[in-house]
Amino acid sequence: MDAETAHSATGDAARPDPNHDEAQLLAPPPGWPDPPAETVWSGLAGTIAAALAPHTEADPLAIMVQLLVAAGATIGRGAWVEVGATRHHPNQFALLVGDTAKARKGSSWDHVESVLTAAEPSFAGVVHTGLSTGEGLIWAARGDGQRLLVVEPEFVTVLMATARDLSTLSPVLRAAWDGRPLAILTRTSPVHAPRAHIALIGHITRAELGGHLHAIEAANGFLNRFVFLAVRRQRLLPEGGHPNPLA
């Protein structure tokens, strides 16, 4: 599976905007996925991404999806959709796949972080990085109702960690996405995270994803929990764009 086929909502995403300069727009490379339907941009997240699009080289689809994942992490377990006997909370996993710095994955996250920090002062305390072990994740989420948004700019390190013998990271992440109680059961230092609310955003290149995509991770449901996004640089802005276009 490669980044061009492993996506569920991808493509050239900018909603038409009379303020943008058509000369700045970059054509998609050959074989790039078709743009998503216009209905994808309905709602506040789509409106914010469209407003930011003329002022950044980042893919507006990357901005919108990360904004939705980050907002869901901030909202916590107080919101859910009930399907049968199961409550589905807004803790989502998303993986942005693009070529090194040219995809502007980091720039897209910077805009999301700026928007949510301005909207919710507690947002900075929700964001964490440095996934390496399942035990470490449970420790960070310990207590009742802890909200975590794990942002991994080098998601390849997470794939490498899940491939290690006896690694608990993959099963703990799967349980976290499912909203199940998490625990470290030791005699001396037991740790419980009974109502942890954990969301995850990862950035990776196509080459890294293809080189570290172990068959077991595809088969055991770990990667099935992610929304895959093919992202790229959308426009050229020699001056870098407006630093705070929504102000």
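If you check residue 149 against the conditions, is it open to solvent by less than 60 Å² (accessible area, probe 1.4 Å) and either without any contact (Cβ under 8 Å) to a residue 12 or more places away in the chain or touching a Phe, Trp or Tyr at 6+ places or on another chain (Cβ under 7 Å) (or both)? Considered against the rule, which asks whether it is open to solvent by less than 60 Å² (accessible area, probe 1.4 Å) and either without any contact (Cβ under 8 Å) to a residue 12 or more places away in the chain or touching a Phe, Trp or Tyr at 6+ places or on another chain (Cβ under 7 Å) (or both), residue 149 comes out as no.
Report yes if some residue within region 154-162 is without any contact (Cβ under 8 Å) to a residue 60 or more places away in the chain, closer than 30 Å to residue 57 by Cβ and open to solvent by less than 10 Å² (accessible area, probe 1.4 Å); otherwise report no. Looking through region 154-162, at least one residue is without any contact (Cβ under 8 Å) to a residue 60 or more places away in the chain, closer than 30 Å to residue 57 by Cβ and open to solvent by less than 10 Å² (accessible area, probe 1.4 Å).
Across region 74-111, the qualifying residues are those that are of a type in the set (Phe, Trp, Tyr) and in contact with a strand residue (DSSP E or B) (Cβ under 6 Å, 6 or more places away or on another chain), and the one among them that is surrounded by the most Cβ atoms within 10 Å (Cβ to Cβ) is 93.
If we keep just the residues of region 107-125 that are within 14 Å of the chain's Cα centre (by Cα) and either of a type outside the set (Val, Ile, Thr) or assigned to a loop (DSSP other than H, G, I, E, B) (or both), which is farthest from residue 26 (Cα to Cα)? Checked region 107-125; the qualifying residue farthest from residue 26 (Cα to Cα) is 113.
Per this entry, residue 135 is counted among residues that are charged (D, E, K, R), outside any loop (DSSP other than H, G, I, E, B), open to solvent by 30 Å² or more (accessible area, probe 1.4 Å) and under 27 Å from residue 211 (Cβ atoms). Residue pairs whose Cβ atoms lie under 9 Å apart, separated by 6 or more positions or on different chains, with the first residue in region 82-96 and without any contact (Cβ under 8 Å) to a residue 40 or more places away in the chain and of a type in the set (Lys, Arg) and the second part of a strand (DSSP E or B) and open to solvent by 70 Å² or more (accessible area, probe 1.4 Å), do not occur.
Restricting 241, 221, 211, 202 to residues that are open to solvent by 50 Å² or more (accessible area, probe 1.4 Å) and either in contact with a Leu (Cβ under 9 Å, 6 or more places away or on another chain) or outside any strand (DSSP E or B) (or both) narrows the list to 211.
The values are calculated or read from the model by the stated rules, or taken from the named source; none is laboratory data. These numbers were taken from a predicted model, which means no experiment stands behind them. Cβ: placed from backbone, ideal geometry, glycine included. Neighbour counts: every protein chain shown. Side chains are part of the model used for accessible areas, which takes the heavy atoms of the whole protein and leaves out ligands, DNA and RNA. Shrake-Rupley method; radii C 1.70, N 1.55, O 1.52, S 1.80 Å.
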